[in-house]
């Protein structure tokens, strides 16, 4: 490659970097506008860092005037999503974008810029963790409910259909499976989340135990036993207890804290409602071909295709939220769902042949 061609490629790369850095700064500013407090400050600091990176590429391009390049379609979509929603989905996408930075291999990027991008990925990951924790209960119920509705009712409908039953029976079976499954999922999710909440509450420190600290025997130091029972080593427990006992003023005492990270749980009712409606939404999809009059092989293929598309969407959504490849998660969901339906369909064919 000639020096002229090499220089043109280099300038094009600089312009691409500049456009992407400017776009990422816009994403973080848009997210910051939808946050408050510490999270907003962190996002604004990230935007300032991206602006510094953009200034580096602007400096290199000062001697190469030309039309500015626009950001990639992915970056434009991120800007729109950040402005409209500002959700954990956007943070997950931004996390993936930061982790794909090529500055470490580019001689024109400084070592500080490459290090910044690595740190940015971890900062965004931490912010995304906060969002995932806030939505974990309802989102987990929603994903499980949708996936269970899709797979279980598809398997039910295909299994019954393969046994040679009429379209009316298949339709009634599918609708019955929808209602029974949705109610079962909602009840199970409510009991699960509520039971977990009760266990966590039972394990939490007493809100009033700290009020007796001033009356404890300093020499016996019973307070250290609390910290040891909650997982601290003997030395650490003794040091923490000594620190607390040194504060004699009851007004300055703070409630005792457990040694582990607190568990954040969603509402049991919201988890149950999400599970019910998402299971129903998933379970109705394999029934749709029969509702609209399709029969036989046509109905089977339509149900499988519709469920497959829905499985791809749910799998990709989980992949995005987890900061991993959405396509791998989508293919995994599709393979599991279609695999379960295929086994049930084969069993239905075998059962139909036996009773036929």
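The values are calculated or read from the model by the stated rules, or taken from the named source; none is laboratory data. Predicted, not measured: the structure shown is a model, and the values here were computed from it. Cβ atoms come from the backbone with ideal geometry, glycine included; neighbour counts cover every protein chain shown.
The table below lists the values:
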| item | result |
| --- | --- |
| Residue match in the range 123-144 (condition: modelled with pLDDT of 80 or more and over 30 Å from residue 294 (Cβ atoms)) | yes |
| Within the range 61-80, tally of residues that are crowded, with 16+ Cβ neighbours inside 10 Å and outside any loop (DSSP other than H, G, I, E, B) | 4 |
| For residue 158: the one exception among (1) more than 25 Å from the chain's Cα centre (by Cα); (2) touching a residue at least 24 places away in the same chain (Cβ under 8 Å); (3) surrounded by fewer than 24 Cβ atoms within 10 Å (Cβ to Cβ) | (3) |
| Unmet criterion (only one of (1) closer than 18 Å to residue 144 by Cβ; (2) buried (at least 21 other Cβ atoms within 10 Å of the Cβ)) for residue 196 | (2) |
| Matching option when the condition is in contact with a helix residue (DSSP H, G or I) (Cβ under 8 Å, 6 or more places away or on another chain), at pLDDT 85 or above and closer than 25 Å to residue 318 by Cα, among 28, 17 | 28 |
| Selected residue (only one of 168, 173 is out of contact with any helix residue (DSSP H, G or I) (no Cβ under 7 Å at 6 or more places or on another chain), at pLDDT 85 or above and within 23 Å of residue 342 (Cα to Cα)) | 168 |
| Output for the range 26-38, where each listed residue is buried (at least 16 other Cβ atoms within 10 Å of the Cβ) and part of a helix (DSSP H, G or I) | 26, 27, 28, 29, 30, 31, 32 |
